[in-house]
Each structure stands twice: as structure tokens, then as C-alpha cells.
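*Asks:* To start, I am sharing the structure in question, which I have written as C-alpha cells.
The values are calculated or read from the model by the stated rules, or taken from the named source; none is laboratory data. The structure presented is a predicted model; accordingly, all values stated were derived computationally and were not measured. As a convention, Cβ positions derive from the backbone with ideal geometry for all residues, glycine included, and neighbour counts pool all protein chains shown.
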Amino acid sequence: MAINDPADKEALLENDRKYVWHHMTPHNDNPMIVASGDGSWVTDVDGNRYLDGMSGLWCVNVGHGRKEIAEAAAQQMMTLAYATMVQAHIPSIELAAKLNAWLEGEYRIFFSNSGSDANEVAFKIARQYFHQKGKPAKHKFISRHRAYHGNSMGALGATGQAQRKLKYEPLGVGFSHVAPPYCYRCPFGQTKDNCSLQCAEAIEQAIAWEGPDSVAGVILEPVITGGGMLVPHEGYLPAVARICEKYDVLLIVDEVICGFGRSGRKFGHHNYGVKPDIVTMAKGLTSAYSPLSATAVSAELYEVFKSGGDTSHFRHVNTFGGNPVSCAVALANLRVLEDEGLIARSAVIGEAFAARLARLREHPNVGDMRIFGSAMGIELVEDRDTKEPAKPERVAAIVAACKSKGLLIGKNGDTVPGFANILTLSPPLSSTDDDVDFIVKTLLEVFSVGSISSK
Ligand code: PLP
């Protein structure tokens, strides 16, 4: 809904300046006020339309304005708006069964509100599991630098991005980090052709150095998304899974972004043929139409929580987790993803980016382009030979140029000192051919000037 009277917009902005604390950003006195969304497009209060190239925060997988999801929410609100997850209710039962089918395995589903919650639950379940297996010392988690796993004390502890932690430490304890699988700047000096998966070996070394008897789990995204779209060698995840099995360490796969079709498969880890012990999910679970997350725990692990005294069950509750309306929304969302073939569509979108944006790879400021399903990272550099990361002003100029042409894109990396140089795109999986044309055309136009000026 556009606002016709400029005074109304000024009043909104005044209240925003006075009362709203924005996420992850220095206060902006003139934020874009988004008023409505339809398909891949959002409209601001001035009536300007933008293609939502990041699906919000990598989450609106089925696109905006889905009536069938709104109707499912309204219907469920009128039938039963709330029941606790201490009890049972129909939408959570149906959704847990559906998620099992999507996961292609046997999992128990614990519902929460956010991706951070889902990861906190995973950490607590992993620790309690080992307690009840008679190995209480196994409490540590290995993660990777550059990874993001959430904003709460444990999930931020698992996060490997220095700037996000600054001024909030000490965080949850027991998390250590190893170098990420970052092929463009391989921390081990290897290339794709001579890669011996030292990044996976680093996880084995960390487990050995920490002491296998003290390590409960490894947490990872199939592809580090928010930390710069770091797509690993195809052998990486299977190698990590083998290491976890060798040391009786749980493999926790964070599918908060990679899940629900973003990768071109139902879940990101399906691309690598591994079977995680725990899978965490949020965002695309409801396409962000309503808050909901889930921690899927293998049936084998769950068995350990079934008997053994007063404290053997998982003593964790949250008021809103598994809310019936959110579960109904998730079910409607999964139906859209299935009925419209949006998982296959995600792969098609990524293939179109790879083919039609190939020219960008030759641009003097483009060091690398990485695509996973329909998510893309474009790593910008000052110099292709030295790989010096592009200066923040250069990256900001490109983001602004895209916005001025009606395309919203993301910018990642600035949570790591010295890096603010990775453009990200992750459009709705429902993006039409025209939408994809628009993204491609806009990026080619913005980059066509040779070296992009930061002025
Ligand atoms: N895990 C990953 C990979 C994420 O990208 C995010 C959020 O961006 C989270 C966890 C945390 O999710 P939430 O913001 O819903 O707490």
C-alpha cells in the first residue's frame, strides 16, 4: 500500500527514528519502509517496486503474497490458535510426519521459534544424549570460522564471525572453530585440482586436540551462506560425516538457509549423500510467513531420552514453539513448494545465473562467483591477482546501484575483519523467467562499466 500524503510518511519516519531499534545496522534515519509484497517483488510506501533478490533474509522461499498460506493461517486461528507442545495438536503431528518424508529418514521433531532456538536445542540435546549414554564429558562443539548459527549465547558461541561477537563475550562455552572450506582462498594453500580436503582433516585434528572424549558434536551448514557463500569441495561433507562417526561425535547440520529447496534439493545435505544425527531448520520452513523452527533428531538418539528416571526426558519448553498456526502455515508452504515444483525451479534459477552471468567472472573486480541451488555469492576484489578484498565503499556502491535499478541484493563478509566484499543473491524459488531476466539484466548493467567506481 503506497502512502499518498508525504506527511504520513514523514510521521512514520519520525516514529521509526524515535521508537524502533533496527536489527544489525547503525541507526538509519531514512530506512526503506516496505509496504507490500507480491511474488518476488516488494513495494515501499512511496510506491517504488523492488525485486527482493534476497527473499528478505534468505527466507521467503515461495515468494510474497500467497493467499493459500494466509488462508491456512486464518483457518487455523479460527479452529485452534494455541495449544502447548506439552500436549499434542493436529498441525504439529502432520508437520512432523511431513518433515520426516522430506528428510528421507526417521527423525523426532522438536519445534521452536527461530533458527537460533533450533540450534540451542540441538546443543542441549547433544549434551544430554551423551550424559545419558554414560559419557558426560562429551560436551564440546566444533564449528568453522565464518559460519553463522544464530544470535543467542550458545548459537553465537558456535558462530565463527568475530565482528558479531565483539562486545558480547563471554558467550556460551565449549565451542571451538576450525578453518572453513573456502576454496577461493584455501586456508591450506591448495587448489581445487590438488585438494586433499585438509579443511575436513582440520575437524579431525580439532577433535583429537580437544580430546574425543570431550567432543559432543560438529555443527555446520552444508554451504556457509551468510558467511560469504563458501561452497565446499563435494567430498567435504562426506569426509566430515566419516570423521564424526569415527569419534562418536554427532553431526549437526544447520539447514536454516540451505533447507526447503534453496539448494536445488529438499535439504542442502541431500546434495552430499550424508545422514546427519541432527538437522536444524527455520526460515524456509514457513517461508517466513510465521515464525517457526525445528530440530530434527534421529530416532536412534531419541531412544536414549525415553527411559531412565526423572531427568531423562528433554526438559526444555518454549511457549510459542510449535504454535498450531505456524505449523499450519508450514504445511501450506510445503504444499506450495511441492505442487509448484519449486525445488527443481531453484536449481533452474541457479543454472540460469551460472550460464547468463558467466561474463561477470571476467570483470576486474570479480574474484569468484559461487552458486548453490538458487543462492549466489559474488566475491569482489580490488585486484584479481592479489585477491585483495574489495573495499567496503566499492561493495556499497554496487548494492546501491542495484537498488537504484530496482534490485535488492545482499552484502556479506563484513562480520569478518577485513572482509565486506561478498554480494549475495537468494531470490524466491518462485521467481518467474521475467524475474530472472530482470536480475541478470540488472547485474550485467551494473557491472558493465569495467571497474566499478566506489565514488
Ligand atoms: N543458522 C543460520 C545458518 C542462519 O543463517 C541463521 C540466521 O540467519 C540462523 C541460524 C539463526 O536464525 P534466526 O535468525 O531465525 O534465529
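*Asks:* Can you list the strands (runs of 3 or more DSSP E) found entirely within region 339-455 that contain at least 2 residues being surrounded by fewer than 21 Cβ atoms within 10 Å (Cβ to Cβ) and not charged (D, E, K, R)?
*Replies:* In region 339-455, 366-372 are the strands (runs of 3 or more DSSP E) which contain 2 or more residues that are surrounded by fewer than 21 Cβ atoms within 10 Å (Cβ to Cβ) and not charged (D, E, K, R).
*Asks:* Another one. Given the criterion more than 22 Å from SER114 (Cβ to Cβ) and at pLDDT 95 or above, identify the matching residue among VAL253, VAL218, VAL223, VAL240.
*Replies:* VAL240
*Asks:* Evaluate the following for PHE314: is it more than 15 Å from the ligand (Cβ to nearest atom), touching a Phe, Trp or Tyr at 6+ places or on another chain (Cβ under 9 Å) and not in a strand (DSSP E or B)?
*Replies:* Considered against the rule, which asks whether it is more than 15 Å from the ligand (Cβ to nearest atom), touching a Phe, Trp or Tyr at 6+ places or on another chain (Cβ under 9 Å) and not in a strand (DSSP E or B), PHE314 comes out as yes.
*Asks:* Next up: Given the criterion of a type outside the set (S, T, N, Q) and crowded, with 17+ Cβ neighbours inside 10 Å, identify the matching residue among TYR107, TYR168.
*Replies:* Going through TYR107, TYR168 in turn, just one is of a type outside the set (S, T, N, Q) and crowded, with 17+ Cβ neighbours inside 10 Å: TYR107.
*Asks:* Looking at ILE125, ILE109, which is the one that is more than 10 Å from the ligand (Cβ to nearest atom), in a helix (DSSP H, G or I) and within 17 Å of VAL253 (Cβ to Cβ)?
*Replies:* Only one candidate passes the filter, namely ILE125.
*Asks:* If I go through region 294-308 residue by residue, how many of them are in contact with a Phe, Trp or Tyr (Cβ under 7 Å, 6 or more places away or on another chain) and either over 30 Å from ALA70 (Cα atoms) or within 14 Å of the ligand (Cβ to nearest atom) (or both)?
*Replies:* 7
*Asks:* Let me ask something else about it. So, in region 133-144, exactly how many residues are surrounded by fewer than 19 Cβ atoms within 10 Å (Cβ to Cβ) and either within 14 Å of the ligand (Cβ to nearest atom) or on the phi < 0 side of the Ramachandran plot (or both)?
*Replies:* Counting residues in region 133-144 that are surrounded by fewer than 19 Cβ atoms within 10 Å (Cβ to Cβ) and either within 14 Å of the ligand (Cβ to nearest atom) or on the phi < 0 side of the Ramachandran plot (or both) gives 5.
*Asks:* Restricting attention to region 398-425, report how many residues are touching a residue at least 24 places away in the same chain (Cβ under 8 Å), farther than 19 Å from GLU388 by Cα and small (Gly, Ala, Ser).
*Replies:* 3
*Asks:* I want to confirm something. Restricting to region 263-286 and keeping residues that are away from the ligand (no atom under 13 Å from the Cβ) and at positive phi, which single residue is surrounded by the most Cβ atoms within 10 Å (Cβ to Cβ)?
*Replies:* My answer is GLY264.
*Asks:* Follow-up. Cβ-Cβ distance below 9 Å, separation of 6 or more or different chains: which pairs start in region 138-158 with a residue that is not assigned by the TED database to the domain that holds GLU204 and outside any loop (DSSP other than H, G, I, E, B) and end on one that is modelled with pLDDT of 95 or more and within 11 Å of the ligand (Cβ to nearest atom)?
*Replies:* Qualifying pairs under 9 Å: none.
*Asks:* Filter region 54-72 down to the residues that are under 24 Å from the mean Cα position of the chain (by Cα) and either within 16 Å of the ligand (Cβ to nearest atom) or of a type in the set (A, V, I, L, M, F, W, C) (or both) and list them by number.
*Replies:* MET54, SER55, GLY56, LEU57, TRP58, CYS59, VAL60, ASN61, VAL62, ILE69, ALA70
*Asks:* Out of (1) assigned to a loop (DSSP other than H, G, I, E, B); (2) within 23 Å of GLY154 (Cβ to Cβ); (3) in contact (Cβ under 8 Å) with a residue 12 or more places away in the chain, what's the single condition that is false for VAL297?
*Replies:* Every condition holds for VAL297 apart from (1).
*Asks:* Moving to a separate point now. Those residues that are buried (at least 18 other Cβ atoms within 10 Å of the Cβ) and in a loop (DSSP other than H, G, I, E, B), I need them from region 25-71; list them, please.
*Replies:* SER40, VAL45, GLY53, MET54, CYS59, VAL60, ASN61, VAL62, GLY63, ARG66
*Asks:* Let me ask you something else. Being among the hydrophobic types (A, V, I, L, M, F, W, C) and over 18 Å from the mean Cα position of the chain (by Cα) is the requirement here; does VAL336 meet it?
*Replies:* In short, yes.
*Asks:* Which residue out of LEU171, LEU251 is in a strand (DSSP E or B) and of a type outside the set (S, T, N, Q)?
*Replies:* Answer to the selection: LEU251.
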